[in-house]
Amino acid sequence: MNNLIFVWHRRDLRVRDNRALAEAINTGRTVVPIFVFDPHFWESNSYCPDRLIFLLESLQDLAEHYRKLGTELVFWEGKAVRELTKLSKEYGALVYFNRDTNGEYGMNRDDVAENLGFVGWDNDAIQRDGRTKDWSDQARAFFEMEIPELPNTISGHQIRSITTPEAVKTKYQVTSEKDSPEQGGSTQAHQRLEEFLAEIQSYTKSISKPLAAETGTSRLSAHFSLGTISVREVYQATQTIEAKQKSFFTTRLFWNQHFTQKLQDNPTLDRIAANPVFEQNYDLIYQPDQEKFQAWCQGKTGYPLVDASMRALVSIGFLNFRMRAMCASFLTYILKQPWQWGADFMFYHLIDADRAINYSQWQMQSGMVGVHPNRIYNPTTNLQKHDPQGEYVCKYVSELHDASLEFIMSDPESRQDTLFRDTYIKPIVSYVSEMRSAREIYKDLNTKAFHRVQTDPELRAHLSLSGAAGRRTRKKQLPDTKEV
Ligand SMILES: Cc1cc2nc3c(=O)[nH]c(=O)nc-3n(C[C@H](O)[C@H](O)[C@H](O)COP(=O)(O)OP(=O)(O)OC[C@H]3O[C@@H](n4cnc5c(N)ncnc54)[C@H](O)[C@@H]3O)c2cc1C
């Protein structure tokens, strides 16, 4: 079997808009699509079982797409680069893959692969050879570039899989623990896209409401995180419909890529504070306390919207943007617990866990960058505004099922109803006094951190600033602290 070319799938679990696959087909060689189950990933315990199930479903769907094209997706097991090196030597084959930005381990692995002669292709808007100033223009050009059509068939090959998704599921004892409605695979992603575009008019109304967002935002994030559909396909499909305010949605598709660029420019942002001023003042900002952290994880803080959101995260693996931001703000500014603890916990439970977006957002939401305003979310006013009938809270906090709306909406620090005061947890801290002390802590640190960004070009490059943060930095406007 000569003249083979392996297409190594990782977080690009689709056949459409897949550059490595298209380039491999163009060589005229026999294409062998392959996925390698790497023990590093399966033993890492970084992802919840339901996220792994989403991945396995996506692989089964990918295999089905290849079957329809007349070929087989090969399932392999072992250290991916080592296994593919052996296979490519054995068959005299080339290896193509799409470059990925998924943290230090993955990025180093890609470098090693390219040094060994594997061919990496860019299939996203990420600039990997040093950034130019016109990131947004280049990203737009990428989003608008025509997507080449795939041939109807691809010629088959003789290489047999050594494992299957089912076998891997059994081997690593992957058992569902959540009540997640999300199902992996390109077929599901395209179906969801169609449903969402039909109801996109209500997107802006749903986005901040925790209950409405469970069905009213695109819910494509888990698909993007494994590439069962590309952000470019979604962008282009959105351009074909007439809808007021659709740019509200497409802007977020650019954010997806912009946050990925941040990880590309700063591969340690999943562990180290982006601005050294905060990293050096850790002891001033945080008072690590396992009891408080566990209360947050379990949704037992005594603040109904925080508790409902944390229980929803564990129960269904999804939260809308506002609730993710509010929970991050509550853990770090109000409970004074380290941002990395919360970021790892959320990353583990999210079905859409995306290293770049999750960790960059945690850094921003907990004030670790020094160029964004500190946004301290008030859990009571957010509840009154975004869940005014307490439906979301009652869905996830069973102790509050029979409580009066007045009790649920009241300020936890001055609750009146004696019956429910005993049933539901008392607030573990005072929001108001902790919010005030957070403001004090950040006042001086923010000034120092902002000065550091102004005077350190290397740091500025690491931060991949654009939009409002970029403008604020250029105009030297010190970020303020806001209660939101
Ligand atoms: C602390 C925190 C952690 C987060 N962790 C993740 C994560 O691990 N994975 C993840 O995909 N998103 C994450 N987000 C961003 C956002 O909350 C989710 O992308 C969104 O809620 C997913 O739902 P959706 O697909 O229905 O979004 P939609 O509103 O339909 O948006 C479409 C897509 O745009 C992108 N997007 C939307 N909002 C943002 C944003 N604020 N920043 C970057 N990209 C965005 C996502 O790819 C999303 O799928 C996080 C936000 C915060 C505050």
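I'd like to verify a number: residues in region 199-234 that are within 24 Å of residue 61 (Cα to Cα), more than 10 Å from the ligand (Cβ to nearest atom) and more than 15 Å from the chain's Cα centre (by Cα), how many? So the answer is 2. For region 246-273, a residue qualifies if it is under 22 Å from residue 199 (Cβ atoms) and either in the same structural domain as residue 462 (by TED's automatic domain parsing) or away from the ligand (no atom under 12 Å from the Cβ) (or both), and exactly one does: 247.
Checking the structure you have, find out if any residue of region 394-403 is in contact with a helix residue (DSSP H, G or I) (Cβ under 9 Å, 6 or more places away or on another chain), in a helix (DSSP H, G or I), away from the ligand (no atom under 16 Å from the Cβ) and among the basic types (Lys, Arg). Within region 394-403, one or more residues are in contact with a helix residue (DSSP H, G or I) (Cβ under 9 Å, 6 or more places away or on another chain), in a helix (DSSP H, G or I), away from the ligand (no atom under 16 Å from the Cβ) and among the basic types (Lys, Arg).
Of these, 312, 343, which one is on the phi < 0 side of the Ramachandran plot, within 13 Å of the chain's Cα centre (by Cα) and part of a helix (DSSP H, G or I)? Working first, answer last.
Details: 312 fails: within 13 Å of the chain's Cα centre (by Cα).
None of the others qualify; the one that does is 343.
If you check residue 416 against the conditions, is it in a helix (DSSP H, G or I) and either surrounded by 12 or more Cβ atoms within 10 Å (Cβ to Cβ) or free of Cβ contacts under 8 Å to residues at least 12 places away in the same chain (or both)? Spelling it out, it is not the case that residue 416 is in a helix (DSSP H, G or I) and either surrounded by 12 or more Cβ atoms within 10 Å (Cβ to Cβ) or free of Cβ contacts under 8 Å to residues at least 12 places away in the same chain (or both).
So is residue 395 over 18 Å from residue 484 (Cβ atoms) and of a type in the set (Lys, Arg) or not? Judged against the criteria, residue 395 is a match. For region 161-220, taking the residues that are crowded, with 16+ Cβ neighbours inside 10 Å and at pLDDT below 95, the one that is farthest from residue 390 (Cα to Cα) is identified as 182. The set of residues in region 118-132 being more than 24 Å from residue 249 (Cα to Cα) and out of contact with any strand residue (DSSP E or B) (no Cβ under 8 Å at 6 or more places or on another chain) consists of 128, 129, 130, 131, 132. Can you name every residue in region 359-377 that is near the ligand (Cβ under 9 Å from one of its atoms) and surrounded by fewer than 23 Cβ atoms within 10 Å (Cβ to Cβ)? Selection gives 361, 364. Whenever a residue of region 334-359 is of a type in the set (D, E, K, R), its partners that are more than 6 Å from the ligand (Cβ to nearest atom), lying with C-beta atoms within less than 6 angstrom and at least six residues away or across chains, give the pairs 336/286; 336/287; 352/222; 355/102; 355/103; 355/270. Looking across region 419-443 at every residue that is within 18 Å of residue 330 (Cβ to Cβ) and of a type in the set (A, V, I, L, M), the one that is surrounded by the fewest Cβ atoms within 10 Å (Cβ to Cβ) is identified as 432. Taking region 222-268 as the search range and keeping residues that are outside any helix (DSSP H, G or I) and of a type in the set (A, V, I, L, M, F, W, C), which one is modelled with the highest pLDDT? Step by step, filter region 222-268, then rank; the result is 229. Residues in region 81-104 that are part of a helix (DSSP H, G or I) and touching a helix residue (DSSP H, G or I) at 6+ places or on another chain (Cβ under 7 Å): 81 only. Counting only residues that are buried (at least 23 other Cβ atoms within 10 Å of the Cβ), assigned to a helix (DSSP H, G or I) and either in contact (Cβ under 8 Å) with a residue 60 or more places away in the chain or more than 16 Å from the ligand (Cβ to nearest atom) (or both), region 287-309 holds 6 of them. Screening residue 452 against (1) basic (Lys, Arg); (2) surrounded by 15 or more Cβ atoms within 10 Å (Cβ to Cβ); (3) under 30 Å from residue 308 (Cα atoms) leaves a single unmet condition, (3).
The values are calculated or read from the model by the stated rules, or taken from the named source; none is laboratory data. All of these numbers come straight from a predicted model, not from anything done at the bench. Cβ: placed from backbone, ideal geometry, glycine included. Neighbour counts: every protein chain shown.
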